[in-house]
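Okay, structure first, notes after.
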Amino acid sequence: MKFLVRERVFDIGDDFWVTDEQGTKVFWVDGKALRLRTTFELKDPKGEVLMVIRKKLFKVRDQMSVEHDGSTVATVRKRLFNPVRDKLNVEIKGGEDWEVIGSFFDKEYSISDKEGTVAVVSRKWFRMRDTYAVDVNTHRRDLAGDPALVIAVAVAVDALTNDDGDHD
């Protein structure tokens, strides 16, 4: 199932809708302005908070946590410098860890685990430059098939790979 995400501009309090292929609003990403650390809330269309994506401070490697009901369900970490390819690790609580590999600058990367592809993120499917798609493998019965978790991880990847000017 493909979800369309408006590319973040990294302004303070950046908010945007995530829609499905038919244009139906599925998730609202609410960027929280004036916080000590980068924070987003992933909400359903009614405004109910599903996940909180938050940058962890004072870590050797940049990382963001994805929380559900106050508990961390995933941690997205930058890898130490690797000149060969871009790669992030996603530690999933209670499940197989994910690996994010590809070109983050071009928004062309895949999220996978030992079982296979969790999602593919691509800008090439769209003519609009400020939009990219997250194609979630919803056939999975584990956490990898949870669109809200996958979208939250994609938001974390976007924030971690584009926040060089962040002053947290």
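The numbers here are math on the coordinates, done by the rules we state, and not lab data. Please read all numbers here as calculations on a predicted model, not as lab measurements. Note: ideal-geometry Cβ built from the backbone for every residue, glycine included; neighbour counts use all protein chains shown.
Run the numbers for residue 44 and residue 114: contour at 0.36 nm per residue of separation, minus the present Cα-Cα distance, in nm. Provide the component values of the computation, followed by the final result.
Details: separation 70, 0.36 × 70 = 25.20 nm, distance 2.95 nm.
The span from residue 44 to residue 114 would gain 22.3 nm if fully extended.
Would you mind computing, in nm to one decimal, how far apart the modelled labels at residue 17 and residue 91 are, each placed 7 Å from Cα along Cα→Cβ?
Those two pseudo-labels are separated by 3.7 nm.
5 Å is the cut-off here: which amide hydrogens, built 1.01 Å from N in the peptide plane, fall below it relative to residue 56, excluding neighbours closer than 5 in sequence?
63, 64, 65
Could you sort 146-153, 95-102 so that the peptide with the highest average Cβ count within 10 Å comes first and the rest follow in order?
Details: 146-153: 23.9, 95-102: 18.1.
In decreasing order of mean packing, 146-153, 95-102 become 146-153, 95-102.
What distance in nm separates the two pseudo spin-label positions at residue 103 and residue 69, each 7 Å out from Cα along the beta-carbon direction?
Roughly 4.2 nm, to one decimal.
Express in nm, to one decimal, how much length is gained between residue 24 and residue 131 on full extension, taking 0.36 nm for each residue of separation and deducting their alpha carbon distance. Intermediate values should be presented prior to the final figure.
Values: separation 107, 0.36 × 107 = 38.52 nm, distance 1.51 nm.
Working it through step by step, the gained length comes to 37.0 nm.
Using a basic spin-label model with each label point 7 Å from the Cα along Cα→Cβ, how many nm lie between residue 57 and residue 2?
4.1 nm
Take each of the peptides 68-77, 42-51, average the number of other beta-carbon atoms within 10 Å over its residues, and list them starting from the highest. Show your work: numbers first, answer last.
Details: 68-77: 16.8, 42-51: 14.5.
Per-residue mean Cβ counts within 10 Å order the peptides as 68-77, 42-51.
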